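Asks: Here's a structure for you.
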Amino acid sequence: MMKRDECFRVLARHITDEAVVATYSSAVDWVEIAPRVLNYTSIGAMGLDSSHGLGLALGRPDKRVVVLQGDGSLLMNLGSLVTIAAVAPKNLIHLVTHNGTYEANGGHPIPYPKVDFAGAARAAGYAAVYDFSNIDVFTQQVGYLLGQDGPVFATLHVEPSKALTYDYPSLYDPAKRRAFKAAWQARD
Amino acid sequence: MPGVSGAAASGALNGGGIIAAIKSSGIEYVLSVPDIVTSSGLLRPIAQDPELRLIRVCKEDECIGIASGLSYCDKRALILIQHTGFLDSLNAIRGIAVEYKQPICMMVGLLQHDPELAPRASPRYGVRIVEPILDDMGIPHHLIGVDADVAKIQPAIDKAYAESAPVAFLVGRSPT
């Protein structure tokens, strides 16, 4: 079993000009580890992170989009696996941290903590699907994964994390959204 | 029950005119779950139209996230759904369209609506509550019931994107 923050530290070493979409606990960890203008944090409609990511990927096919979604969030938008697979954006990487709990809502278990998200993504039709439980394996393969034609899906099996502080005004900050938009629209 | 006044009281609604208005509004993407009101007159021709990219989604609230993501790329999208899906998506609309002030443009078919009646006067509870909900959320809305209403579409979409704010078009009659 891995830790979410250690996975994100490994991931951050490979992130350059990608948009990174993150919500709730994933967003708290990610913005602390990798504060950057191309972070797109989405709060207020749990589960839609994968859909935001699809929109960003469609709108900038020349750029890559990484979605960091929690397991509870994906369960609220499980159909997005099918939608994304059907649209098949080559520039979308969809990473789901699976800790079996609604961490931002008191740590209660998801309905079936053993649910096989990678299996669901594979059945939906993602171009490539991974399942990581070992940080050394993830460290070795994440660079390759990020460079593959998508949509790419990976489950990261992680422990529930320490108690987090959710700074929603910062995650929601309209100024950060405007800065993201300007940076995301900028042409090389 | 009160009827719809003026030109909306009777008439026809041409789907081709609506699609032309959608295109002239700069819409590139149509995001949709099928709606029986707009199925034949809008969704089927849109699916065949090379100038529009149709994204079929599994559940209506996905459209809100996708349209938001596209708006960050200055790409315009129209969400084509049934009023039941609109009701199901209210939290996403509240959070993303209203509180995040995103240009979410929705075209909502009023299932089982009698076009001779105003939506607020519908005997169908689900239809009757749509406009009051939009009013409470501060979302401007336009009834599209006859061909004359189609002229409302482009200015309203331009305004939504200019002001980064949502808008809803309520389709009260099946376009032909």
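Asks: Looking only at the range A:65-91, count every residue that is in contact with a Ser or Thr (Cβ under 9 Å, 6 or more places away or on another chain) and either closer than 15 Å to A:Pro151 by Cβ or among the small types (Gly, Ala, Ser) (or both) and tell me the total. Even if it seems obvious, please write down each step before you answer.
Replies: Pass one, the range A:65-91, residues in contact with a Ser or Thr (Cβ under 9 Å, 6 or more places away or on another chain): A:67-74, A:77, A:80-81, A:83-84.
In the following step, the residues that additionally are either closer than 15 Å to A:Pro151 by Cβ or among the small types (Gly, Ala, Ser) (or both) were identified as A:67-70, A:72-74, A:77, A:80-81, A:83-84.
Total satisfying the criteria: 12.
Asks: Give the residue that is nearest to the other protein chains (Cβ to nearest Cβ), with candidates limited to residues of the range B:56-73 that are surrounded by fewer than 23 Cβ atoms within 10 Å (Cβ to Cβ) and in contact (Cβ under 8 Å) with a residue 12 or more places away in the chain.
Replies: Only one residue fits best here, namely B:Cys58.
Table: residues versus (1) closer than 30 Å to A:Ala183 by Cα; (2) within 14 Å of another protein chain (Cβ to nearest Cβ); (3) surrounded by 18 or more Cβ atoms within 10 Å (Cβ to Cβ).
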position	(1), (2), (3)
B:Ala97	yes, yes, yes
B:Ile104	yes, yes, yes
B:Glu116	no, no, no
B:Glu131	no, no, yes
B:His141	no, no, yes
B:Ala148	no, no, no
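Asks: Taking the range A:16-29 as the search range and keeping residues that are in contact with a helix residue (DSSP H, G or I) (Cβ under 7 Å, 6 or more places away or on another chain) and at pLDDT 95 or above, which one is farthest from the other protein chains (Cβ to nearest Cβ)?
Replies: Checked the range A:16-29; the qualifying residue farthest from the other protein chains (Cβ to nearest Cβ) is A:Val20.
Asks: I would also like to ask the following. Out of all the residues in the range B:109-154, which are assigned to a loop (DSSP other than H, G, I, E, B) and among the polar types (S, T, N, Q)?
Replies: Within the range B:109-154, the first condition is being assigned to a loop (DSSP other than H, G, I, E, B), and the residues that meet it are B:110-116, B:118, B:122-124, B:129, B:138-140, B:145-146.
Selection gives B:Gln112, B:Ser122.
Asks: Hey, among the residues in the range B:155-169 that are in contact (Cβ under 8 Å) with a residue 60 or more places away in the chain and part of a helix (DSSP H, G or I), which one's farthest from B:Leu80 (Cα to Cα)? Spell out how you get there, then give the answer.
Replies: Initially, the range B:155-169 is screened for residues in contact (Cβ under 8 Å) with a residue 60 or more places away in the chain, giving B:157-158, B:161, B:163-169.
With the extra rule that they be part of a helix (DSSP H, G or I), the set shrinks to B:157-158, B:161, B:163.
Details: B:Ile157: 14, B:Asp158: 17, B:Tyr161: 17, B:Glu163: 21 Å.
Per the criteria, the residue is B:Glu163.
Asks: For B:Ser24, are the conditions met, namely being out of contact with any Ser or Thr (no Cβ under 9 Å at 6 or more places or on another chain), at the interface with chain A (Cβ under 10 Å from one of its Cβ atoms), over 26 Å from A:Ala183 (Cα atoms) and hydroxyl-bearing (Ser, Thr, Tyr)? Can you show your working first?
Replies: Details: out of contact with any Ser or Thr (no Cβ under 9 Å at 6 or more places or on another chain): yes; at the interface with chain A (Cβ under 10 Å from one of its Cβ atoms): no; over 26 Å from A:Ala183 (Cα atoms): yes; hydroxyl-bearing (Ser, Thr, Tyr): yes.
When the stated conditions are applied, B:Ser24 does not pass them.
Asks: Next question. Among the numbered criteria (1) in contact with a strand residue (DSSP E or B) (Cβ under 6 Å, 6 or more places away or on another chain); (2) among the β-branched types (Val, Ile, Thr); (3) under 28 Å from A:Ala186 (Cβ atoms), which one does B:Ile139 miss?
Replies: Failed condition: (3).
Asks: For A:Phe138, indicate whether it is of a type in the set (Phe, Trp, Tyr), outside any helix (DSSP H, G or I) and more than 14 Å from every other protein chain (Cβ to nearest Cβ). Break it down into steps so the answer makes sense when it comes.
Replies: Working: of a type in the set (Phe, Trp, Tyr): yes; outside any helix (DSSP H, G or I): no; more than 14 Å from every other protein chain (Cβ to nearest Cβ): yes.
Against the criterion (of a type in the set (Phe, Trp, Tyr), outside any helix (DSSP H, G or I) and more than 14 Å from every other protein chain (Cβ to nearest Cβ)), A:Phe138 does not qualify.
Asks: Are any residues in the range B:86-108 of a type in the set (Gly, Ala, Ser), touching a residue at least 24 places away in the same chain (Cβ under 8 Å) and assigned to a helix (DSSP H, G or I), and if so, which ones? Spell out the reasoning first.
Replies: Just the residues of the range B:86-108 that are of a type in the set (Gly, Ala, Ser), to begin with: B:89, B:92, B:95, B:97.
So of that shortlist, the ones also touching a residue at least 24 places away in the same chain (Cβ under 8 Å) come out as B:89, B:92, B:97.
B:Ala92, B:Ala97 - these are the residues of the range B:86-108 that are of a type in the set (Gly, Ala, Ser), touching a residue at least 24 places away in the same chain (Cβ under 8 Å) and assigned to a helix (DSSP H, G or I).
Asks: Working only within the range B:69-110, note down all residues that are under 20 Å from B:Tyr161 (Cβ atoms) and touching a His at 6+ places or on another chain (Cβ under 6 Å).
Replies: Scanning the range B:69-110 gives B:Gly69, B:Val108.
Asks: Right, something else. Surrounded by fewer than 21 Cβ atoms within 10 Å (Cβ to Cβ), over 16 Å from B:Gln154 (Cα atoms) and within 14 Å of chain A (Cβ to nearest Cβ): which single residue out of B:Arg44, B:Arg53 fits that description? Step through it out loud before you land on a result.
Replies: On the way: B:Arg44 fails: within 14 Å of chain A (Cβ to nearest Cβ).
Step by step, each of B:Arg44, B:Arg53 is checked, and only B:Arg53 is surrounded by fewer than 21 Cβ atoms within 10 Å (Cβ to Cβ), over 16 Å from B:Gln154 (Cα atoms) and within 14 Å of chain A (Cβ to nearest Cβ).
Asks: Anything in the range A:43-81 that is in contact (Cβ under 8 Å) with a residue 60 or more places away in the chain, facing chain B (nearest Cβ under 7 Å) and surrounded by fewer than 24 Cβ atoms within 10 Å (Cβ to Cβ)? List them, or say none.
Replies: A:Gly44, A:Arg60 - these are the residues of the range A:43-81 that are in contact (Cβ under 8 Å) with a residue 60 or more places away in the chain, facing chain B (nearest Cβ under 7 Å) and surrounded by fewer than 24 Cβ atoms within 10 Å (Cβ to Cβ).
Asks: To continue, here is another question. As an exercise: evaluate A:Gln185 against (1) within 14 Å of chain B (Cβ to nearest Cβ); (2) exposed (fewer than 12 other Cβ atoms within 10 Å of the Cβ); (3) among the polar types (S, T, N, Q) and give the number of the one condition it does not meet.
Replies: All conditions are met except number (2).
Asks: Out of all the residues in the range A:141-182, which are part of a loop (DSSP other than H, G, I, E, B), touching a residue at least 12 places away in the same chain (Cβ under 8 Å) and surrounded by fewer than 19 Cβ atoms within 10 Å (Cβ to Cβ)? Steps first, please.
Replies: Initial filter on the range A:141-182 (part of a loop (DSSP other than H, G, I, E, B)): A:148-151, A:160-167, A:173.
From what's left, touching a residue at least 12 places away in the same chain (Cβ under 8 Å): A:148-151, A:160-161, A:164-167.
Of everything in the range A:141-182, those that are part of a loop (DSSP other than H, G, I, E, B), touching a residue at least 12 places away in the same chain (Cβ under 8 Å) and surrounded by fewer than 19 Cβ atoms within 10 Å (Cβ to Cβ) turn out to be A:Gln148, A:Asp149, A:Pro160, A:Ser161, A:Leu164, A:Thr165, A:Tyr166, A:Asp167.
Asks: Evaluate the following for B:Arg76: is it in contact with a Phe, Trp or Tyr (Cβ under 6 Å, 6 or more places away or on another chain), within 12 Å of chain A (Cβ to nearest Cβ), buried (at least 16 other Cβ atoms within 10 Å of the Cβ) and of a type outside the set (Ser, Thr, Tyr)? Talk me through it step by step, then tell me what you get.
Replies: Numbers: in contact with a Phe, Trp or Tyr (Cβ under 6 Å, 6 or more places away or on another chain): no; within 12 Å of chain A (Cβ to nearest Cβ): yes; buried (at least 16 other Cβ atoms within 10 Å of the Cβ): yes; of a type outside the set (Ser, Thr, Tyr): yes.
No; evaluated as a whole, the condition is false for this residue.
The values are calculated or read from the model by the stated rules, or taken from the named source; none is laboratory data. Remember, predicted model here, so these are calculated numbers, not experimental data. Because the Cβ atoms are built from the backbone with ideal geometry, glycine has one as well, and the counts that use them run over all protein chains shown.
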